[in-house]
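A.B. asks: Just dropping this structure here.
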Amino acid sequence: MQTKLRLTSLFLVAGLLWTCPAPAAPQKAVRHQAMAHFKPRYLGVASWYGQQHQGRKMANGKRFDKNKMTAASWYFPLGSVVRVVNLENGRSVVVTITDRGPNLRLHRLIDLSEGAARQLDYVSRGLTRVFVAPAVSVETVQAEIDAHWVETSPAGSDE
C-alpha cells in the first residue's frame, strides 16, 4: 500500500512539473535583468576616520589620505562614486569608495575621510545621519553640425 502511495505521489509531482507552463530558469533571468537597473539608495549613520589611519593601505591597495574625498563602505563596490548627503544640514559631497568598513557591528552605513566629513560639517560630532546614493556621471560630447543641413538666408533678406 505504501509503495503504491509513493509511486502515485511521484507521478503526481512529475506530472505537475511536466505541465508547468514556464520553467524556473527564464523567470530568474528576467528578474535579474529587471534588477540590473536598480540603483541602491541608503539612509543611515556616517562616521569618519582621519589621522589614525593616515598612510595605511586601503582595500584598493592605495595609501589612505585623510584629505581626499574617499570613503569606506560594505554596501558599494570598490571604486564606486557615491553622493553622500548630510540630512542634518543638507550639505552633500561626492566620494569614491576605496576601502571596506565600518565594522558591521557598529550599525554604520559609511565611513568618510576627514576631508569629506569636514565638507559635510560633522567632524566635531563624529556621527551624522546621511543619505547615500550612486553618483550619476554625465559626460558631454560636442555636437557636430553638418553644414549642408543648415539653411542659410541671403544677407539683407527679411524672412
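The values are calculated or read from the model by the stated rules, or taken from the named source; none is laboratory data. As the structure is a computational prediction, the values presented were derived from the model and not from experiment. When we count neighbours, we look across all protein chains shown, and the Cβ atoms used for this are built from the backbone with ideal geometry, even at glycine. Accessible surface is based on the protein model in full, side chains and every heavy atom, while ligands, DNA and RNA are left aside. Shrake-Rupley method; radii C 1.70, N 1.55, O 1.52, S 1.80 Å.
A.B. asks: Kindly check whether there is at least one residue in the stretch 108-123 that is aromatic (Phe, Trp, Tyr) and over 14 Å from residue 41 (Cα atoms).
C.D. replies: Kept after step one, since they are aromatic (Phe, Trp, Tyr), are these residues of the stretch 108-123: 122.
Going one step further and asking which of them are over 14 Å from residue 41 (Cα atoms), we end up with 122.
Yes, some residue in the stretch 108-123 is aromatic (Phe, Trp, Tyr) and over 14 Å from residue 41 (Cα atoms).
A.B. asks: Checking the structure you have, find out if any residue of the stretch 139-159 is outside any loop (DSSP other than H, G, I, E, B) and modelled with pLDDT of 75 or more. Write out each step before concluding.
C.D. replies: Applying the first criterion (outside any loop (DSSP other than H, G, I, E, B)) to the stretch 139-159 yields 147-149.
Add one more test, that the residue is modelled with pLDDT of 75 or more, and what stays is none.
No, there is no match, as no residue in the stretch 139-159 is outside any loop (DSSP other than H, G, I, E, B) and modelled with pLDDT of 75 or more.
A.B. asks: What is the residue count in the stretch 127-138 for residues that are open to solvent by 40 Å² or more (accessible area, probe 1.4 Å), assigned to a strand (DSSP E or B) and over 11 Å from residue 46 (Cα atoms)?
C.D. replies: Going through the stretch 127-138, the residues open to solvent by 40 Å² or more (accessible area, probe 1.4 Å) turn out to be 127, 129, 131, 134, 136-138.
In the following step, the residues that additionally are assigned to a strand (DSSP E or B) were identified as 129, 131, 134.
Restricting the remaining residues to those that are over 11 Å from residue 46 (Cα atoms) gives 134.
Going through the stretch 127-138 one residue at a time, the tally reaches 1.
A.B. asks: Now for a separate question. Are any of the residues in the stretch 93-101 open to solvent by 30 Å² or more (accessible area, probe 1.4 Å) and in a loop (DSSP other than H, G, I, E, B)?
C.D. replies: There is at least one residue in the stretch 93-101 that is open to solvent by 30 Å² or more (accessible area, probe 1.4 Å) and in a loop (DSSP other than H, G, I, E, B).
A.B. asks: Further question on the same structure: How about the stretch 61-86: which of its residues are at negative phi and exposed (fewer than 14 other Cβ atoms within 10 Å of the Cβ)?
C.D. replies: First, pick out the residues of the stretch 61-86 that are at negative phi: 62-78, 80-86.
Across the stretch 61-86, the qualifying residues are 62, 63, 67, 75, 77.
A.B. asks: Now a separate question. Scan the stretch 57-78 for residues that are touching a residue at least 24 places away in the same chain (Cβ under 8 Å), in a strand (DSSP E or B) and more than 20 Å from residue 45 (Cβ to Cβ) and jot them down.
C.D. replies: Step one: list which residues in the stretch 57-78 are touching a residue at least 24 places away in the same chain (Cβ under 8 Å), which gives 58-60, 62, 64-76.
Subset that is in a strand (DSSP E or B): 70-72.
The answer is none; no residue qualifies.
A.B. asks: Exactly one of (1) surrounded by 19 or more Cβ atoms within 10 Å (Cβ to Cβ); (2) modelled with pLDDT under 90; (3) not β-branched (Val, Ile, Thr) is unmet by residue 40. Its number?
C.D. replies: (1) is the only condition that residue 40 fails.
A.B. asks: Starting from residues that are open to solvent by 70 Å² or more (accessible area, probe 1.4 Å) and in a loop (DSSP other than H, G, I, E, B), keep the ones in the stretch 104-126 and report whichever is nearest to residue 59 (Cα to Cα). Reasoning before the result, please.
C.D. replies: Let us first name the residues in the stretch 104-126 that are open to solvent by 70 Å² or more (accessible area, probe 1.4 Å), namely 104-107, 118-119, 121, 124-125.
Filter once more, keeping what is in a loop (DSSP other than H, G, I, E, B): 107, 121, 124-125.
Values: 107: 20, 121: 26, 124: 27, 125: 26 Å.
Among those that are open to solvent by 70 Å² or more (accessible area, probe 1.4 Å) and in a loop (DSSP other than H, G, I, E, B), it is 107.
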